Every structure is written in structure tokens, then in C-alpha cells.
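First comes the structure, then the notes that go with it.
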Amino acid sequence: AWMVSAIMLDALHDRFGDGWYRDPAAGQFLEEILSAGQREDAAQLASQLGDGLTLDPLLAQVGRWLL
């Protein structure tokens, strides 16, 4: 779950910038992505959002927390 969360945050930042949480389009994007519910597993969702299920975005996020 943490891996997918980091991938999703990267996708939001890439598509909508640092203020993604204020952009109504980001909300629509999240609704579209999450509307499938549990029909898609983590690997499928990660593939839609970026380069697939990988630790790199999570490790980068943890690195930013430690700074």
C-alpha cells in the first residue's frame, strides 16, 4: 500500500504540480483512478500511474522525509 501511495503522489505531483490538492482536476483524476474499486490489484494500478510497482518512489519519499 505504501508503494502505491508513493506512486500515486508522484503521479499527482507530475500531472498537477505541488498544489495538486487544491486543483479540482486532481480530484477528478483520483475519482477516475479509484472508481474501479478493487477490480484492479496494486500492480495494475501502479502501471496506470507510472512505471509499475517499484520501490523507487517510496524510497524517494522516505528520503524527503528524512531531510
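The relative contact order of the chain comes to 46 percent, based on Cα pairs under 8 Å that sit 6 or more residues apart.
Across the accessible surface of the chain, with the other protein chains kept in place and a 1.4 Å probe, carbon and sulfur atoms take up 55 percent.
Each of (i) -0.42, -0.90, -1.24; (ii) -0.55, -0.85, -1.09; (iii) -0.37, -0.79, -1.21 is a candidate for log10 I(q)/I(0) by the Debye sum over Cα atoms at q = 0.14, 0.21, 0.27 Å⁻¹; the one calculated from this structure is (i). The magnitude of the dipole of the chain, with charges of +1 and -1 set on the Cβ of Lys/Arg and Asp/Glu and taken from the Cα centre, is near 160 debye.
The values are calculated or read from the model by the stated rules, or taken from the named source; none is laboratory data. As the structure is a prediction and not an experimental result, all values here were calculated from the model. Note that we place each Cβ from the backbone using ideal geometry, even for glycine, and neighbour counts take in every protein chain shown. Just so you know, the surface numbers come from the protein's heavy atoms only, side chains and all, with ligands and any DNA or RNA stripped out. Shrake-Rupley method; radii C 1.70, N 1.55, O 1.52, S 1.80 Å.
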